[in-house]
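Worksheet for the structure shown next.
The values are calculated or read from the model by the stated rules, or taken from the named source; none is laboratory data. Just so we're clear, the structure is a prediction, and the values are computed from it rather than from any experiment. Cβ placement follows ideal geometry from the backbone for every residue including glycine, while neighbour counts extend to all protein chains displayed.
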Amino acid sequence: MGRNKIRFSQASKHQDFQGQASNWGNKRPRGIRKHLALLTSSTLALSLCLLLFTGEQAKADRTEIPLALEFSQVASELSEETIAASLPWIEVEVASGDNLSLIFKRAGLGARDVHRIITQSDKPKPLTRLRPGQTIAFQKDEDGKLIGLRYQIDKIRSIIYRRQGDFFKAEEVKKDFDVRYQVANGIIDSSLYLAGNKANLPDKLIMEMANIFGSVMDFVLDVRKGDQFTVIYEELYIDGEKLGTGDILAAEYVNRKNTHQALRFVAESGEADYFSPEGQSMRRAFLRAPLDFTRISSGFNRKRLHPITKKTRPHRGIDYAAPRGTPVYAAGDGFVKASGYSKANGNYVVLQHGQEYASKYLHLHKRAVRKGQKVKQRQIIGWVGSTGLATGPHLHYEFLIGGVHRNPATAVRRLPQARKLKGNELVLFNEQTKGLALQLRTYAAQRVNGSTAIDANAG
């Protein structure tokens, strides 16, 4: 609001102005009428003071006095904030098959409101990823107009959209939660999965442990009865209620008397990864296997009888049998050299890893990457299928070094690990993981047949 100038010289003129302002104010909203009443009172007081002046000052027939009205705008904004804080929230639960239009309609809002929140907010994407069971709360003013929206992503995170003029400003809010530490010990009888379940490890952490040690062992081929593991991990709580599990902080796996330890390290950049107690990355440049498979249905063989064509020809890769839809990961960092379909290979993806290495993924159900796209190790590039010349769902995986096909099962083992921490990064790693290796040895000594969970917070 700009600065307004009000002109008067006599009390009668002030009265005329007062009457006009009063009549005008009666036609305006309540909040503006209050500000005008305050302004009118101030004007009256000022006029009386002028009438008391004598001498030359009193002879002036007209005096121009600028009155700043910005305060009324500020007061209005503060009033809106105060009012908004006291207005109720209307909560709507997301049901199966819901979209924003249906949810807004149940809250008494229309398509125009949906359009505004999507096109006139700085974080519209989360609202396009709704899942059943989530909640959306709406806040409306006295006229029924949308002034606020709260989207509950999960039990910890929410996004609040507040109207500022014609725009909705988004703010992510996180609840404080408690982190407790748990330890699980296990002894392998038949499989890592069953031993993990017996140790009360959630499926998510069992898979994470397999990923951590996936570069040093193959949990399908290398696991032996009697192998042992210890895992220190996080549990998350809010108001005493368990929300779920966090990250694995440290883990140990003993395979054939070979002990592998991994400690979680968060670098200054915020990137987290796992390293040995000496600072050696647990990741190698390439995964031992680019998927979680059930068995190898056909190995690397330079003279194999093809099951469909019945011709003897080289089988220059490994066939991993797995259910249709199983995620297929990029074996290493690189870019997509090719992504397409052929009669023999079905849906396929070819990745280039630097100048020397390449990997191929055939018979995919669907592809998740396009030609020229950069990929990171363990990024999903497709899903297991049976497209092309295939007798059933499986992944045909090839690995090339210098353009020559190598047996993926043996070639990857000889490749170097990703990196080793040095200098200041190694110092930070040692400080951050201090005591974890000792705890691993302590808890590993407590392993019992059948495995039990130990409260790492006790004592």
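Mind listing whichever residues of segment 140-165 are part of a strand (DSSP E or B) and either of a type in the set (G, A, S) or within 26 Å of the chain's Cα centre (by Cα) (or both)?
Residues satisfying the conditions are G148, L149, R150, Y151, Q152, R157, S158, I159, I160, Y161, R162, R163.
Does segment 118-125 include one or more residues that are without any contact (Cβ under 8 Å) to a residue 24 or more places away in the chain, of a type outside the set (F, W, Y) and either closer than 30 Å to S281 by Cα or assigned to a strand (DSSP E or B) (or both)?
Scanning segment 118-125 turns up no residue that is without any contact (Cβ under 8 Å) to a residue 24 or more places away in the chain, of a type outside the set (F, W, Y) and either closer than 30 Å to S281 by Cα or assigned to a strand (DSSP E or B) (or both).
Residues being buried (at least 18 other Cβ atoms within 10 Å of the Cβ) and in contact with a Lys or Arg (Cβ under 9 Å, 6 or more places away or on another chain): count how many of those fall in segment 366-386.
Within segment 366-386, residues that are buried (at least 18 other Cβ atoms within 10 Å of the Cβ) and in contact with a Lys or Arg (Cβ under 9 Å, 6 or more places away or on another chain) number 6.
Just to check your reading of the model, which residue among V183, V173 is surrounded by 14 or more Cβ atoms within 10 Å (Cβ to Cβ) and part of a strand (DSSP E or B)?
Of V183, V173, the one residue that is surrounded by 14 or more Cβ atoms within 10 Å (Cβ to Cβ) and part of a strand (DSSP E or B) is V183.
Residue check: is V231 in contact with a helix residue (DSSP H, G or I) (Cβ under 9 Å, 6 or more places away or on another chain), at pLDDT below 90 and not small (G, A, S)?
no
Here are some residues: Y348, Y320, Y361. Which one is at pLDDT below 95, buried (at least 20 other Cβ atoms within 10 Å of the Cβ) and not hydrophobic (A, V, I, L, M, F, W, C)?
After applying the criteria, what remains is Y320.
Say whether the condition of being out of contact with any Asp or Glu (no Cβ under 7 Å at 6 or more places or on another chain) and more than 19 Å from V94 (Cβ to Cβ) is met by at least one residue in segment 121-129.
Yes, there is a match, as at least one residue in segment 121-129 is out of contact with any Asp or Glu (no Cβ under 7 Å at 6 or more places or on another chain) and more than 19 Å from V94 (Cβ to Cβ).
Looking only at segment 323-345, count how many residues are crowded, with 21+ Cβ neighbours inside 10 Å and closer than 22 Å to L389 by Cβ.
Residues in segment 323-345 being crowded, with 21+ Cβ neighbours inside 10 Å and closer than 22 Å to L389 by Cβ: 2 in total.
Quick one: which of G148, G226 is over 23 Å from R283 (Cα atoms) and in the same structural domain as R131 (by TED's automatic domain parsing)?
Step by step, each of G148, G226 is checked, and only G148 is over 23 Å from R283 (Cα atoms) and in the same structural domain as R131 (by TED's automatic domain parsing).
List the residue pairs whose Cβ atoms are under 8 Å apart, where the first residue sits in segment 230-241 and is more than 16 Å from K175 (Cβ to Cβ) and assigned by TED's automatic domain parsing to the domain that holds M207, the second is among the β-branched types (V, I, T) and part of a loop (DSSP other than H, G, I, E, B), and the two are 6 or more positions apart or on different chains.
Sorted first by the residue in segment 230-241, then by its partner, the list stays empty.
Given the criterion under 14 Å from T326 (Cβ atoms), modelled with pLDDT under 95, surrounded by 15 or more Cβ atoms within 10 Å (Cβ to Cβ) and of a type outside the set (F, W, Y), identify the matching residue among P393, P408.
P393
Results for (1) surrounded by 13 or more Cβ atoms within 10 Å (Cβ to Cβ); (2) of a type in the set (A, V, I, L, M); (3) out of contact with any Leu (no Cβ under 6 Å at 6 or more places or on another chain); (4) under 16 Å from G186 (Cα atoms), shown as yes or no for each residue.
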| residue | (1), (2), (3), (4) |
| --- | --- |
| P202 | yes, no, yes, yes |
| M209 | yes, yes, yes, yes |
| V231 | yes, yes, yes, yes |
| I238 | yes, yes, yes, no |
| E252 | yes, no, no, yes |
| N255 | yes, no, yes, yes |
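Condition first: closer than 24 Å to R419 by Cα, assigned to a strand (DSSP E or B) and not aliphatic (A, V, I, L, M). Now tell me which residues in segment 218-274 satisfy that.
Answer for segment 218-274, where residues must be closer than 24 Å to R419 by Cα, assigned to a strand (DSSP E or B) and not aliphatic (A, V, I, L, M): D247, E252, Y253, N255, N258, T259, H260, Q261, R264, F265, D273, Y274.
For every residue, the table says whether it meets (1) outside the structural domain of G214 (by TED's automatic domain parsing); (2) touching a strand residue (DSSP E or B) at 6+ places or on another chain (Cβ under 8 Å); (3) polar (S, T, N, Q).
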| position | (1), (2), (3) |
| --- | --- |
| D319 | yes, yes, no |
| A322 | yes, yes, no |
| P327 | yes, yes, no |
| Y341 | yes, yes, no |
| L364 | yes, yes, no |
| Q373 | yes, yes, yes |
| G385 | yes, yes, no |
| T391 | yes, no, yes |
| I401 | yes, yes, no |
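Which of the residues spanning segment 421-441 are among the β-branched types (V, I, T) and surrounded by fewer than 15 Cβ atoms within 10 Å (Cβ to Cβ)?
V427
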